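Everything on this sheet refers to the single structure shown next.
Readers should treat all values here as calculations from the given coordinates under stated rules, not as data from a laboratory. The model shown is predicted, which means the values in this text are computed figures rather than measured ones. So basically every Cβ, Gly included, is an ideal-geometry build from the backbone, and we count neighbours across all protein chains shown.
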Amino acid sequence: MAKGTDPTKAHSPAPAAGGSPEARANEAVRRWIQECIDLCQPDKVVWCNGSLDERKQMFEQGVKDGVFIRLNQEKLPGCYYHRSNQNDVARTEHLTFICTANEDAAGPTNNWMDAKAAYAKLRGLFKGCMKGRTMYVLPFVMGPIGSPLAKVGIELTDSLYVAASMSIMTRMGDVAWDQLGDSDEFTRCLHSVGDVNPDRRYICHFPKDNTIWSFGSGYGGNALLGKKCLALRIASYLGQQQNWMAEHMLLMGVRDPSGHKSYVAAAFPSACGKTNFAMLIPPDQYKQAGWQITTLGDDIVWMWADKDGRLRAINPEAGYFGVVPGTNYQTNPNAMECIKRDTIYTNVGLLPDGDVWWEGKTEDPPRECLDWTGQKWTPDCGRKAAHPNSRFTAPAVNNPVLDPAYDDPDGVPVSAIIFGGRRSRTIPLVFQSFNWVHGVYVGATLGSETTAAATGQVGVVRRDPMAMLPFLGYNIRDYLTHWFRMRKRMKDPPRIFHVNWFRKNDQGRFMWPGFGENMRVLEWILNRTRGRAAAVETPLGWMPRPEDINLDGLGMTASDLAAVQSIDIDEVKSEIVSQEELFLKLAGDLPKEIIFQRELLISRL
Ligand code: GTP
Ligand code: SPV
Ligand code: MN
């Protein structure tokens with residue numbers, strides 16, 4: 001991948017329109033695929049065209065192979081069930097590597113492997129790994145077709161689950177050959193589930209070679225290589241080289257009662273509420289007044305400054321790989337609509353009639369089901385029916401509130417960027433940063449309690465800068481500097497906010513109702529972006545007075561709101577001390593803006 005490539009450069013058209021996918025692949029593609037075939041030695045190679053018919057055949061084949069179980073087609077038309085290996089249920093951050101010639105390129109927060117050593121090690125694992133198996137060739141595009149930022153990837157995989165999932169999650173098929181033309185600028189994604197042994201599991205990224213090699217896992221973020229591996233790790237590296245941004249963010253449209261439309265991007269760490277916020281249904285009174293929320297994306301956003309100096313954004317994905325537990329018709333009705341048909345359910349409970357169940361789906365649990373491991377489950381058995389990180393894979397077009405601009409190659413202008421974490425204590429419901437540079441500091445010091453989306457301890461606060469800690473393809477020092485530099489490309493940068501839906505009281509109860517009611521906070525945020533709402537200056541930033549948040553019909557008093565907004569100076573001091581854990585890793589490399597902002601915060605206390 002050439003350094004400094006112009007992201008707006010158009011590719012020349014494909015050599016031959018029409019014909020078999022195999023015939024349409026250009027020389028560079030064919031050469032690379034042949035190398036991978038020689039290495040992996042599959043019995044069979046299947047070139048995929050991304051059609052709905054093909055996806056159907058994949059499901060049928062998967063049912064025969066025991067990869068999928070056909071769900072009750074009356075209740076859940078087009079839906080299939082998949083059980084993963086029990087040791088393969090979440091991203092494995094300790095087995096994820098950035099592979100470069102020198103360690104500095106990966107930086108202090110990534111696992112690093114020498115690129116040559118990594119290729120050698122993984123070549124040993126890939127050698128002959130597809131004997132007796134089929135290799136699926138999955139050409140795909142990340143981003144609306146024709147967008148200046150759209151990227152082509154080709155994934156080679158021996159997993160039918162991955163093939164079917166990629167067909168939902170990306171714009172897969174012939175569109176990729178059209179977009180690629182005769183160029184060799186595509187991400188080379190090689191994947192094998194191997195023997196699903198965590199001791200032989202490596203998710204390796206080679207940013208300099210535009211290459212991803214993933215071995216030994218079939219789980220989402222480890223195996224659907226267009227998602228976290230390409231659209232965040234490789235893309236963040238490319239974005240830094242080419243002056244754009246790849247972020248772990250949702251993207252939503254908000255129409256106010258006057259018909260004015262704004263777009264908001266928000267970065268929350270894994271399992272901290274992006275899908276739910278992106279599909280938010282406003283409370284009745286807001287709906288009646290004419291507020292309307294639409295979804296562009298729920299996990300990844302690519303952004304660039306246009307010629308007028310406005311930040312514009314697209315969602316590179318075409319589907320949702322969402323957390324299942326806790327999803328129901330009260331918390332997220334739009335997600336429930338999305339997953340009624342044409343959806344893959346992974347690691348949820350399976351009911352006797354071929355329907356599915358999970359914790360939080362209904363108030364009353366079923367009398368019995370099979371749990372995510374296939375064992376008989378009853379409500380009193382002491383185990384969970386669904387794995388806490390069980391997931392749905394659903395096409396974006398199923399979303400009843402999909403934004404019309406979702407497929408627009410020009411993207412949408414972003415008015416506000418929101419950072420948020422899962423914090424039981426200390427962090428108030430909402431505040432606004434003083435300006436872009438302060439906002440970058442707020443994002444860089446984002447803390448959140450860990451969740452089941454990655455293996456390891458759950459519920460401990462860790463620093464997760466911009467919710468990107470596990471997804472950075474390069475040195476965090478250069479990433480933070482990139483955020484500061486992007487400011488210079490913008491005439492009127494988006495306002496930056498911080499939210500926390502998860503603060504708890506001394507009884508351990510959430511102090512804010514969350515979900516649809518988050519609309520009330522969003523209203524203040526949007527009004528702030530347009531100079532239409534009041535705020536007071538606090539040590540953390542601008543905050544609404546209790547009367548600036550609409551509490552009508554919420555059953556919360558102004559003093560309840562004051563409690564969820566309260567700032568305890570001693571707790572903030574501890575917070576600053578705990579930020580040092582990240583800053584020490586950066587040592588002498590901490591951008592000066594971060595140091596100044598930290599000093600200014602301390603001086604405000
Ligand atoms: P990834 O797909 O892992 O990136 O997660 P995500 O950020 O999209 O999180 P998601 O929206 O799936 O929410 C994760 C969990 O948080 C689910 O169990 C939700 O029910 C819960 N959740 C989401 N929003 C809220 C909220 O406003 N309040 C509370 N209390 N819980 C929420
Ligand atoms: C996350 O963990 O942030 C996810 C799920 O969105 S995965 O695609 O597995 O990374
Ligand atoms: Mn995510």
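Let's see if you can work this out: charge +1 on each Lys and Arg Cβ, -1 on each Asp and Glu Cβ, no other charges. What is the dipole magnitude of the chain about its Cα centre, in debye to the nearest 20?
It comes to approximately 680 debye.
Which length gain, in nm to one decimal place, applies between VAL577 and ILE602 when the Cα-Cα distance is subtracted from 0.36 nm times their residue separation?
This chain segment gains 7.9 nm when fully extended.
Suppose R0 equals 41 Å; then what is the FRET efficiency for HIS260 and LYS56 from their Cβ-Cβ distance, rounded to the nearest 0.05?
My answer for the efficiency is 0.45.
Suppose every K and R has +1 on its Cβ and every D and E has -1 on its Cβ; what is the size of the dipole of region 338-443 about the Cα centre, in Debye to the nearest 20?
That gives a dipole near 540 debye.
Identify the GluC sites (Glu not before Pro) of region 54-120 meeting these criteria: DSSP loop state and at most 13 other C-beta atoms within 10 Å of the C-beta.
GLU74
Which ³J(HN,Hα) values, rounded to whole Hz and listed in residue order, are derived for region 332-341 from phi using the Karplus coefficients 6.51, -1.76 and 1.60 in 6.51 cos²θ - 1.76 cosθ + 1.60 with θ = phi - 60°, glycine and proline given as x?
These are the phi-based 3J(HN,Hα) values: 8, x, 5, 5, 4, 5, 4, 9, 6, 8 Hz.
Could you check what % of the DSSP bridge pairs in region 261-385 are antiparallel, to the nearest 5?
Once the DSSP bridges in region 261-385 are tallied, antiparallel ones form about 100 percent.
Taking 0.36 nm per intervening residue step and subtracting the Cα-Cα distance, what contour gain separates GLU368 from ARG532 on full extension?
53.7 nm
Which distance in Å, rounded to a whole number, links the C-alpha centroids of region 252-317 and region 330-359?
So the separation of the two Cα centres works out to 24 Å.
Among ALA235, VAL412, GLY132, whose Cα lies farthest out toward the positive end of the dipole of the chain, if unit charges sit on the beta carbon of Lys, Arg (+1) and Asp, Glu (-1)?
ALA235
Expressed in nm², what is the orientationally averaged projection area of the convex hull enclosing the Cα positions of region 460-557?
Directional mean of the projected Cα hull area for region 460-557 stands at 9.2 nm².
Given the pairs LYS44/LYS127; LYS261/LYS307; LYS44/LYS116; LYS261/LYS491; LYS116/LYS592, which are separated by over 25 angstrom at their Cα positions?
Beyond 25 Å between Cα atoms: LYS44/LYS116; LYS116/LYS592.
Give me D for region 287-393 in µm² s⁻¹, whole number, from Stokes-Einstein with Rh from the Kirkwood sum over alpha-carbon pairs, 20 °C and 1.002 mPa s.
133
Distances over 18 Å make up what percent of all Cα-Cα pairs in region 157-273?
The share of Cα pairs beyond 18 Å in region 157-273 comes to 62 percent.
Scattering from the C-alpha atoms of region 383-507 alone, worked out with Debye: what is log10 I(q)/I(0) at q = 0.19 1/Å?
Log-scaled intensity ratios, in q order: -1.27.
To make sure I understand, if each residue's beta carbon is the centre and we count other beta carbons within 10 Å, what order do MET113, MET468 fall in, fewest to most?
The most exposed by this proxy come first: MET113, MET468.
Hey, if you put +1 on the Cβ of every Lys and Arg and -1 on every Asp and Glu Cβ in the chain, which of VAL63, ALA106, ALA563 ends up farthest toward the positive end of that dipole?
Among VAL63, ALA106, ALA563, the one farthest towards the positive end of the dipole of the chain is ALA106.
So for the pair LYS287, LYS116, with labels modelled 7 Å out along Cα→Cβ, what separation do we get in nm?
6.3
In Å, the Kirkwood hydrodynamic radius of region 293-340 over pairs of distinct alpha carbons?
12.9
For the chain, what does the helix formula give at 222 nm: sum of -39500 (n - 2.57) over DSSP H segments with n ≥ 4, over the residue count, nearest 500 deg cm²/dmol?
Taking each H run of at least 4 residues, the total per residue is -7500 deg cm²/dmol.
If contacts are Cα pairs under 8 angstrom and at least 6 residues apart, what is the relative contact order of region 177-260 in percent?
Relative contact order, region 177-260: 21 percent.
Could you run the Karplus curve 6.51 cos²θ - 1.76 cosθ + 1.60 with θ = phi - 60° over region 172-177 and give me ³J(HN,Hα) per residue in whole Hz, x for Gly and Pro?
My calculation for region 172-177 gives 9, x, 4, 3, 5, 5 Hz in order.
Give me the Kirkwood hydrodynamic radius of region 327-371 in Å, from all C-alpha pairs, to one decimal place?
Computed over region 327-371, the radius equals 11.3 Å.
So how long is each side of the chain along the principal axes, counting just the alpha-carbon atoms, biggest first, in Å?
Projected onto the principal axes, the Cα atoms of the chain cover 67, 58, 46 Å.
Return the Rg/Rh ratio of region 46-117 with Cα-based radii and a Kirkwood Rh.
1.22
Take the Cα radius of gyration of region 332-436 and divide it by 2.2 N^0.38 Å, with N its residue count; two decimals is plenty.
Output field value: 1.48.
Report for the chain the percent antiparallel among DSSP-assigned beta bridges with both residues inside it, nearest 5.
Bridges in the chain are about 65 percent antiparallel.
Could you give the length gained on full extension between GLN457 and ASP552, defined as 0.36 nm per residue of separation minus the Cα-Cα distance, in nm?
Between GLN457 and ASP552, full extension yields an extra 30.3 nm.
Take MET169, MET336, MET130, MET486 and order them by how many other Cβ atoms sit within 10 Å, fewest up front.
In order of increasing Cβ crowding within 10 Å: MET336, MET486, MET130, MET169.
Got a sec to turn the phi values of region 586-603 into Karplus ³J(HN,Hα) couplings, 6.51 cos²θ - 1.76 cosθ + 1.60 with θ = phi - 60°, whole Hz, x for Gly and Pro?
Result, ordered by residue: 7, 6, x, 8, 5, x, 4, 4, 5, 4, 5, 4, 4, 5, 5, 4, 4, 5 Hz.
Over region 524-573, what relative contact order in percent results from Cα pairs under 8 Å that are six or more residues apart?
With pairs under 8 Å counted, the relative contact order is 22 percent.
Note down the net charge around PHE206, summing +1 for each Lys or Arg and -1 for each Asp or Glu among other residues with Cβ under 14 Å from its Cβ.
Result for the neighbourhood of PHE206: +4.
Let me check against my output: what whole-number percent is the relative contact order of the chain, with C-alpha pairs under 8 Å and at least 6 apart?
Computed over the chain, the figure is 14 percent.
Using Cβ counts within 10 Å as a stand-in for footprinting exposure, how do ARG423, ARG462, ARG31 rank, fewest first?
Neighbour counts put them in this order, fewest first: ARG31, ARG462, ARG423.
Return the lysines within reach of LYS376: Cα separation strictly under 27 angstrom, same-chain partners fewer than 8 residues apart disregarded; answer none if there are no such residues.
Filter leaves LYS64, LYS75, LYS340, LYS361, LYS384.
So what are the radius of gyration and Dmax for the Cα set of region 497-605, in Å?
16.3, 51
In debye, nearest 20, what is the charge dipole magnitude of region 21-110 about its Cα centre with +1 on Lys and Arg Cβ and -1 on Asp and Glu Cβ, if you could check?
460
Compute the distance in nm between two label points, each set 7 Å from the Cα along the Cα-to-Cβ direction, one at VAL63 and one at ASP589.
Taking the two extended label points, one gets 5.2 nm.
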